[in-house]
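Heads up, the thing below is written out as structure tokens.
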Amino acid sequence: MKDIIYVSLFYGFKFIILVFPNVVLNKILKLLAKAIYTIDKKHRYIAKVNLDLAYEDTLSKEEKIDIIKATYESLLFALVDFVKNQGISKEKLFQKVTFHNTSAIEEALQKKQKIILITAHYGNWELLPLSLAARYGGLTGVGRKLDSSVIDKILKKNREQFNIKMLEKNGAMKGMINALQNNEMLGLLVDQNTSSESGILVNFFGKPVRHTPSAAILARRFNAVIFPAFITSSSSSRYKVTFYDPIYTNKTDNKDKDILESVQKQAKITEDIIRKKPKEWFWLHKRWKNRFEEKYNA
């Protein structure tokens, strides 16, 4: 029954996308975002806790509300683009995506270095791996299965265009190792909360937070270069992919220190990107839950 509801909602949404011109569709999406913001008290509260932790009193209550509202709007526009990207050609994809600061990664590819791409739930993050794979060749990514098996199949099909291979998040380490051993690019989202057992503490927006060490562990083991890559929107249908300075993970006698330094650099660049344009980050996730759970439960 749940699958039927999810599928009905998805195809109903797809019908609206295909029927209405962009000018009308954009107005519908903005109205829908406002409605969801009003109804969704749970995630609205989570976002407010996150913003309070991140910015404290440096942003006003009104500024924080504007960011939360924009978060819902950004998610809807990304969902529309996700639907439009089903079966998209490289030519059409490159018409809406531009690439910036590409010299370092192109040099690394030319030298056949092992590459780990890191990003966050920021901007149109589903479009990012499609863009990278279409331009630079296939890559391996990691994702969690959705509750609906039918919708998960739709998502998986869309994610695996342009020779992308998706690994189930649980037990993904073996597949990630295989990818690097085969000189395939590996893409990881590194901005979500982790358990005490699987994450290490770093500084994020001036607060302690658990961060996945997977990219650092693999980079250290395989001498891989970590490239931060983020996608942001320049309009409702145009996007910019930007690469940032590569992160090199040391390999000294102090393994824990090497990994911590690498992970902290990953957290820092993620924070820097969010600060530039906070309205495009996924504020609805309990990012600091491991250290500040009481705030989310208040």
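The values are calculated or read from the model by the stated rules, or taken from the named source; none is laboratory data. Since we're looking at a predicted model, the values are computed, not measured. Virtual Cβ from ideal backbone geometry, glycine too; neighbours counted across all protein chains shown.
When residues of the range 195-254 are filtered for being farther than 30 Å from Lys111 by Cβ and of a type in the set (Gly, Ala, Ser), how many remain?
The number of residues fulfilling the criteria is 10.
Residue check: is Ile164 in contact (Cβ under 8 Å) with a residue 24 or more places away in the chain, closer than 26 Å to Gly87 by Cα and surrounded by fewer than 18 Cβ atoms within 10 Å (Cβ to Cβ)?
The answer is no for Ile164.
How many of the residues in the range 22-35 are in contact with a Lys or Arg (Cβ under 9 Å, 6 or more places away or on another chain) and buried (at least 16 other Cβ atoms within 10 Å of the Cβ)?
Summing the residues that are in contact with a Lys or Arg (Cβ under 9 Å, 6 or more places away or on another chain) and buried (at least 16 other Cβ atoms within 10 Å of the Cβ) in the range 22-35 gives 1.
Return the residues of the range 180-201 that are part of a strand (DSSP E or B), under 13 Å from Ala120 (Cα atoms) and of a type in the set (A, V, I, L, M); say none if nothing qualifies.
Result: Leu188, Leu189.
I'd like the full set of residues that are closer than 15 Å to Pro208 by Cβ and in contact with a Ser or Thr (Cβ under 9 Å, 6 or more places away or on another chain), limited to the range 278-298.
Across the range 278-298, the qualifying residue is only Asn290.
Quick one: in the range 18-63, which of the residues that are among the hydrophobic types (A, V, I, L, M, F, W, C) and part of a loop (DSSP other than H, G, I, E, B) is farthest from Leu284 (Cα to Cα)?
That would be Phe20.
Filter the range 89-106 down to the residues that are without any contact (Cβ under 8 Å) to a residue 60 or more places away in the chain and either among the aliphatic types (A, V, I, L, M) or farther than 23 Å from Asp272 by Cβ (or both) and list them by number.
Result: Ser89, Glu91, Lys92, Leu93, Phe94, Gln95.
Given the criterion in contact with a Ser or Thr (Cβ under 6 Å, 6 or more places away or on another chain) and either in contact (Cβ under 8 Å) with a residue 24 or more places away in the chain or among the polar types (S, T, N, Q) (or both), identify the matching residue among Leu186, Leu117.
Going through Leu186, Leu117 in turn, just one is in contact with a Ser or Thr (Cβ under 6 Å, 6 or more places away or on another chain) and either in contact (Cβ under 8 Å) with a residue 24 or more places away in the chain or among the polar types (S, T, N, Q) (or both): Leu186.
Failed condition for Leu128, given (1) under 20 Å from Gly175 (Cβ atoms); (2) surrounded by fewer than 15 Cβ atoms within 10 Å (Cβ to Cβ), with all others met?
(2)
Would a scan of the range 74-81 turn up a residue that is at pLDDT below 95, buried (at least 18 other Cβ atoms within 10 Å of the Cβ), closer than 20 Å to Thr232 by Cα and among the aromatic types (Phe, Trp, Tyr)?
Within the range 74-81, one or more residues are at pLDDT below 95, buried (at least 18 other Cβ atoms within 10 Å of the Cβ), closer than 20 Å to Thr232 by Cα and among the aromatic types (Phe, Trp, Tyr).
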